[in-house]
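This report refers to the structure that appears directly beneath it.
The values are calculated or read from the model by the stated rules, or taken from the named source; none is laboratory data. Values in this document were obtained by computation on a predicted structure and should not be read as measured data. Note: ideal-geometry Cβ built from the backbone for every residue, glycine included; neighbour counts use all protein chains shown. Areas reflect the complete protein model, heavy atoms only, side chains present, ligands, DNA and RNA absent. Shrake-Rupley method; radii C 1.70, N 1.55, O 1.52, S 1.80 Å.
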Amino acid sequence: MKTMWKKVLVIIVVAVVSFVTSIGAVTYLVKHNKGIQAALIEEDVLFKQPMRLANYTSVAAENTDFTYAAEQAIHAVVHIKSVAKAQSRSEGYFDPFEYFFGYRGNPRQPQPRIGFGSGVIISTDGYILTNNHVIEGADELDVTLNDNREFRAKIIGTDPTTDIALLKIEAADLKTLPFGDSELLKVGEWVLAVGNPFSFKSTVTAGIVSAKGRSIMTGSTDRNKIESFIQTDAAVNPGNSGGALVNTKGELIGINTAIYSETGNFAGYSFAVPISIAGKVVADLKQYGTVQRAILGVMMSNAQDAKHKDDKIKVLEGAYVADFTPRSSAKEAGLDVGDVITAVNDVKVKSMSGLQEQINKYRPGDKVKVEVDRYGTKKVFTVELRNAQGSTEVVAKGGDSAEILGAAFRELTDARKREYGVSYGIEVTGISKGKVQDAGIRKGFIVMVVNDQKIVTPDDLYQITDRILKGASEDQGLFIKGFYPNGRTQHYAIDIVE
């Protein structure tokens, strides 16, 4: 019996000593800020991940208050109603039933198309930043402020490449949102999405930045589209497009643009155009009427993808230079095929989309410092950026060309391209007195080719016309090829130099 009690006593003593020893060891480690990793290694444990002990000096997570940012944003975010008038049957329309049986009337009249979205007031005198797809194809735009005042808006300019548009309403002393710095955003930082989902006014949702520089390839066939989105998990739904992405300081850091969803509604992730891109685009649209887009003149891919074809690559983050465009400023500066661009003006570049974001902050004529990794060797080049035409001159929207032609044009949407079975073209959306009207071209005509050049955007047509007006082209006029929505092809000749 005594032997049993002795064994029990020994066990108790060992347990107490072990407990006291453990407490002492932990207290020692905490006191001297020593990682447990060292202790684990001493005990021949194979875990090599450093571990930190929470002690009394640890700081709890900050209680983030969204009320200030929400209050600033809701008064600067507007509701946009887009109305596209019903299209009557175009001249030249052929109905075989009507041909054989006579006019039968049209019991089902086409109805106007109505869409809804959001926008952000960026100046006290009524300039509004929104998405191009919110207002695309609209004949009327109605803007409702948070205080329920309503205004008719006009389009100042659009940029389908970044899906950004600039509107103007005639108002004064409006609430605005100041621009923040989207490049200072960190993954994990809290943000608010403010807009009008399903036409519910002034809706605020919260989330965190899930990723930066994200390319989602929204299905567009336009390889020139710029996608370097801020990805968040803030709830964004139809109607939020064009609304504000705001940091906790109440600063505008992005324009909500897209969602990733199989249903069409929010399913986990949303995407915003960074204000570093959107802000520069709208500044150009206001000042010049069109975007002054700078290019490096490189054809590129992600470094990680290029590794499969070029095994000499030493870095897996950056934009791989696969080839150069004609009159490439990057090639002239000294870059070579195989270089991996890793930074622009000391801002790190991790991918193609990241490089696009950095270059699109600048205008043609600006000089940037480009850092590359050339198969393990670091090199730095100074590149003077150019526009798509290979010059550093300011590109005006039409100018004299637009006045002489006397027509408004719009780049075909992806939906229209699929409908017509084409991959490019511009639509005549309005006609006033001018050369287009004199030639007999009607509203709705799709311009495909001018003087044997493909026409992808209205600027393509303006530039051809402008070169003729300046005497920089051997052509004396415009020979236009295209078709009407009913499928009838048509050729027109316009004399520019008389």
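Computed from backbone phi, the HN-Hα couplings of the range 356-370 come to 4, 4, 5, 5, 6, 7, 10, 10, x, x, 6, 9, 10, 8, 10 Hz, rounded to whole numbers (Karplus: 6.51 cos²θ - 1.76 cosθ + 1.60, θ = phi - 60°; Gly and Pro given as x). Can you pull the percent of the range 107-155's accessible area that's carbon plus sulfur, 1.4 Å probe, other chains left in place? Carbon and sulfur: 45 percent of the exposed surface of the range 107-155. Treating r as the C-beta distance of residue 438 and residue 488 and R0 as 35 Å, the FRET efficiency rounds to 0.95. For residue 254, the amide hydrogen comes within under 5 Å of the amide hydrogens of 245, 275, counting only partners 5 or more places away or on other chains and with H modelled in the peptide plane. At q = 0.11, 0.13, 0.14, 0.17 Å⁻¹, what log₁₀ I(q)/I(0) does the range 258-353 have when each alpha carbon counts as one equal point scatterer in the Debye sum? Cα-only, vacuum Debye calculation for the range 258-353: -0.49, -0.66, -0.74, -0.94. Taken along the Cα-to-beta-carbon direction at a fixed 7 Å, the label points for residue 379 and residue 189 span 3.4 nm.
Net charge dipole, the range 102-216: roughly 480 debye, given to the nearest 20, about the Cα centre with Cβ charges of +1 for Lys and Arg and -1 for Asp and Glu. Its Cα centre serving as origin, the range 111-177 has a Cβ charge dipole (Lys and Arg +1, Asp and Glu -1) of approximately 40 debye.
Basic side chains Lys and Arg get +1 at the Cβ, acidic Asp and Glu get -1 at the Cβ, and with that the dipole of the range 281-415 about its Cα centre reaches some 320 debye.
Would you kindly state how much longer the chain becomes between residue 414 and residue 171 on full extension, computed as 0.36 nm times their sequence separation minus their alpha carbon distance, in nm to one decimal?
So the chain would gain 84.1 nm between residue 414 and residue 171.
For residue 366, nonlocal amide neighbours, meaning residues 5 or more places apart or on other chains whose placed amide H falls under 5 Å from its own, are 385. For the range 282-384, the relative contact order works out to 28 percent when only alpha carbon pairs closer than 8 Å and six or more residues apart are counted. Our estimate of slack between residue 327 and residue 299, defined as 0.36 nm per intervening residue step minus the Cα-Cα distance, is 8.8 nm.
Amide H contacts of residue 212 (H built 1.01 Å from N, in plane; Pro and chain starts excluded): 231 sit under 5 Å, all sequence-distant by 5 or more or on other chains. The solvent-accessible area of residue 141, taken with every protein chain present and a 1.4 Å probe, is close to 10 Å².
Normalised Debye scattering of the range 299-395 at q = 0.10, 0.14, 0.17 Å⁻¹ gives log10 I(q)/I(0) of -0.24, -0.46, -0.68, counting only Cα atoms as equal scatterers and leaving out solvent. For the range 176-182, 3J(HN,Hα) computed residue by residue from phi via the Karplus equation (6.51, -1.76, 1.60; θ = phi - 60°) reads 10, 10, x, 6, x, 10, 5 Hz, glycine and proline entered as x.
Ranked highest first by the average count of other Cβ atoms within 10 Å around their residues, in what order do 460-468, 179-187, 330-338, 406-414 fall?
Packing proxy ranking, top to bottom: 460-468, 406-414, 330-338, 179-187.
For the range 155-163, backbone phi angles converted through the Karplus equation (6.51, -1.76, 1.60; θ = phi - 60°) give residue-by-residue couplings of 8, 8, x, 9, 9, x, 4, 10, 6 Hz, Gly and Pro being listed as x.
Largest first, how would 470, 201 line up by accessible area (1.4 Å probe)? Intermediate results must be reported in sequence, preceding the final value.
Numbers: 470 145, 201 75 Å².
Of 470, 201, the descending order of accessible area is 470, 201.
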